[in-house]
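Take a look at the structure set out below.
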Amino acid sequence: MLQRAAEGARKTCLATDRWAVDPVLRLLATPPGNARGLVRFQQLSAPVAAKAVEDTAFYRYGRLLSRNDVGFDVETFACDATAFHARVAQRAAGHPQAMLATATHDHKRGEDVRARLAVLASMGREWAALQTRWIEASVSLRSAGAPYAGDIALLLQTVVGAWPLDFDPGDGDARAAFAERLAAWQQKALREAKLFSDWAAVDESYEGAARRFTLALIAEAALPDLLQEIAALVRHIAPAGAVNGLVQCLLRLTIPGVPDLYQGTEFWDFSLVDPDNRRPVDFSARAAALGDADLPALAGAWRNGRIKQALIAELLALRRRAPALFAEGSYEPVSVEGRAAEVMIAFVRRHGDHRLLVAAPRLPLGLLQADDGIAVAPQILKDTALRLDGRVTLDRLCSTLPFALLKTGP
């Protein structure tokens, strides 16, 4: 492993730094006599890697921003159900008590920002064309060529992902508030990327041009047709993004591992990088929203976020009633056949007399009814089935919700 790391370092480091590879290799290969040096290397290597990858490269590489976050491997663009089941099985065997987290105090984009941006992967060609056209359409907002196209591309994805569900582009105060959040994110993104500005060498001219661009685009609505196009895209993908968010939440609380819940994410989480993701949480509103309404009843008003909170509450109650099922239960993939077989994930958790069935879509765009709702189209459900003890069509399991969650046993 050390030799492989050394070979990679020799190929990728600066020529003027190559002399350091062999001394470091010797240090790591003979630790008994170099305990202090080894400890210092271990203390520094993780933060150096974090600074290089999460706090630099992830602010430069903008193919799909939902893949750029703390702990993510951007080389893994996506995986199918078979690969997902294999990873979960490996996790269950090797790290059954490891934490499952989708939001933290340090995330770059909230879990539901990423869930919405992931929808763009299902319309890659359309999104690429839109992004190119929007960058060209916004040229009048640039100052002496700044900000550059790459930074505008990152901004446009961020606008689409973080666009609040109740945001009215005709409301000037709402536009101003959203623009300020975006500008704060943008300043940090520019400095972290270290291409045109840096924490240690701030380029006030470039940052000023970028800020003016963002405020003109959003707060001032200087290009109203473009802003309406962005709003239309968000309306188109928001239901699928919400389904992704619910499925992400469902999986975090049902697959092997210990789920973590970051403050405030009981409702939709469209936060950006800190300090945006550390804003005060309205716990009173969340406490007041907890009630007896069941999930199907909340699905029609999915935009208010109560359905996500209710799903979390229901799953935590299940975990409380059957802790062994989640801590020690088996994880058994379920075969899916039919029209939506390639885009569904299904499994059973089993322990003693307890059983839990989970089935959910991983690519919901194109599956949902065309009514701004989050339910899967009935015909798709009828044409897709799970292989359990027999063949069970999905319309019997999730006619009003975009997923199935069934518990049997004591």
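Here ALA83 passes the criteria (1) open to solvent by less than 60 Å² (accessible area, probe 1.4 Å); (2) under 18 Å from ALA240 (Cα atoms) except the one numbered (2).
Tally up the residues in the stretch 387-410 that are under 27 Å from the mean Cα position of the chain (by Cα) and of a type outside the set (Gly, Ala, Ser), please. Qualifying residue count for the region: 9.
Restricted to the stretch 1-33, and to residues that are part of a loop (DSSP other than H, G, I, E, B) and at pLDDT 85 or above, which residue is farthest from the chain's Cα centre (by Cα)? Break it down into steps so the answer makes sense when it comes.
Going through the stretch 1-33, the residues part of a loop (DSSP other than H, G, I, E, B) turn out to be 1, 13-14, 30.
Of the ones still in play, those that are also at pLDDT 85 or above are 1, 13-14.
Working: MET1: 31, CYS13: 31, LEU14: 33 Å.
Ranking the candidates gives LEU14 first.
Restricted to the stretch 325-410, the set of strands (runs of 3 or more DSSP E) holding at least 3 residues that are open to solvent by less than 50 Å² (accessible area, probe 1.4 Å) and touching a helix residue (DSSP H, G or I) at 6+ places or on another chain (Cβ under 8 Å) comprises 344-351, 354-361, 384-387. Given (1) within 19 Å of ALA299 (Cβ to Cβ); (2) in contact with a Gly (Cβ under 7 Å, 6 or more places away or on another chain), where does ALA377 come up short, assuming only one miss? Every condition holds for ALA377 apart from (2). Return the residues of the stretch 93-103 that are in contact (Cβ under 8 Å) with a residue 12 or more places away in the chain and surrounded by fewer than 17 Cβ atoms within 10 Å (Cβ to Cβ); say none if nothing qualifies. HIS95, PRO96, GLN97, ALA98, MET99, LEU100 - these are the residues of the stretch 93-103 that are in contact (Cβ under 8 Å) with a residue 12 or more places away in the chain and surrounded by fewer than 17 Cβ atoms within 10 Å (Cβ to Cβ).
Note on the stretch 262-294: residues that are open to solvent by 30 Å² or more (accessible area, probe 1.4 Å), under 14 Å from GLY305 (Cα atoms), of a type in the set (Gly, Ala, Ser) and part of a helix (DSSP H, G or I) amount to 3.
Within the stretch 53-69, residues that are of a type in the set (Lys, Arg) reach partners that are assigned to a loop (DSSP other than H, G, I, E, B) with beta carbons closer than 6 Å, at six or more positions or on different chains, in the pairs ARG67/VAL74.
Considering the stretch 184-202 alone, what residues qualify as being part of a helix (DSSP H, G or I) and either in contact (Cβ under 8 Å) with a residue 40 or more places away in the chain or under 13 Å from THR56 (Cβ atoms) (or both)? Give the steps one after another, and end with the answer.
So in the stretch 184-202, the residues part of a helix (DSSP H, G or I) come out as 184-193.
Scanning the stretch 184-202 gives ALA184, TRP185, LYS188, ALA189, LEU190, ARG191, GLU192, ALA193.
Listed here are the residues, each with its yes/no results for (1) out of contact with any Leu (no Cβ under 6 Å at 6 or more places or on another chain); (2) open to solvent by 50 Å² or more (accessible area, probe 1.4 Å); (3) in contact (Cβ under 8 Å) with a residue 24 or more places away in the chain.
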position	(1), (2), (3)
THR76	yes, no, no
HIS105	yes, yes, yes
GLU111	yes, no, yes
GLU126	yes, yes, no
ALA144	yes, yes, yes
ALA149	yes, no, no
ASP168	yes, yes, no
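Within the stretch 4-25, being surrounded by 10 or more Cβ atoms within 10 Å (Cβ to Cβ) and of a type in the set (Lys, Arg) holds for ARG10, ARG18.
Taking the stated definitions as given, is ALA50 within 33 Å of the chain's Cα centre (by Cα) and over 25 Å from LEU250 (Cα atoms)?
Working: within 33 Å of the chain's Cα centre (by Cα): yes; over 25 Å from LEU250 (Cα atoms): yes.
Criteria met by ALA50.
Residues of the stretch 173-183 that are closer than 14 Å to LEU156 by Cβ and in contact (Cβ under 8 Å) with a residue 60 or more places away in the chain: LEU182 alone. Within the set LEU316, LEU295, the sole residue that is over 17 Å from TRP163 (Cβ atoms) and out of contact with any helix residue (DSSP H, G or I) (no Cβ under 8 Å at 6 or more places or on another chain) turns out to be LEU316. When ALA179 is tested against (1) of a type in the set (A, V, I, L, M); (2) out of contact with any helix residue (DSSP H, G or I) (no Cβ under 9 Å at 6 or more places or on another chain); (3) within 24 Å of TYR59 (Cβ to Cβ); (4) surrounded by 15 or more Cβ atoms within 10 Å (Cβ to Cβ), only condition (2) is not met.
Counting the residues of the stretch 315-339 that are within 28 Å of LEU363 (Cβ to Cβ) and either modelled with pLDDT under 95 or among the basic types (Lys, Arg) (or both) gives 2.
Is there a residue being farther than 30 Å from ALA341 by Cα and in contact (Cβ under 8 Å) with a residue 40 or more places away in the chain anywhere in the stretch 14-34? Steps first, please.
Initially, the stretch 14-34 is screened for residues farther than 30 Å from ALA341 by Cα, giving 14-34.
Still in the list and also in contact (Cβ under 8 Å) with a residue 40 or more places away in the chain: none.
Within the stretch 14-34, none of the residues are farther than 30 Å from ALA341 by Cα and in contact (Cβ under 8 Å) with a residue 40 or more places away in the chain.
The values are calculated or read from the model by the stated rules, or taken from the named source; none is laboratory data. Model, not experiment: these values are computed from the prediction. Neighbour counts are summed over all protein chains in view; Cβ atoms, including those assigned to glycine, are modelled from backbone coordinates with ideal geometry. The protein model used for the area step is the full one, side chains on, heavy atoms only, and it has no ligands, DNA or RNA in it. Shrake-Rupley method; radii C 1.70, N 1.55, O 1.52, S 1.80 Å.
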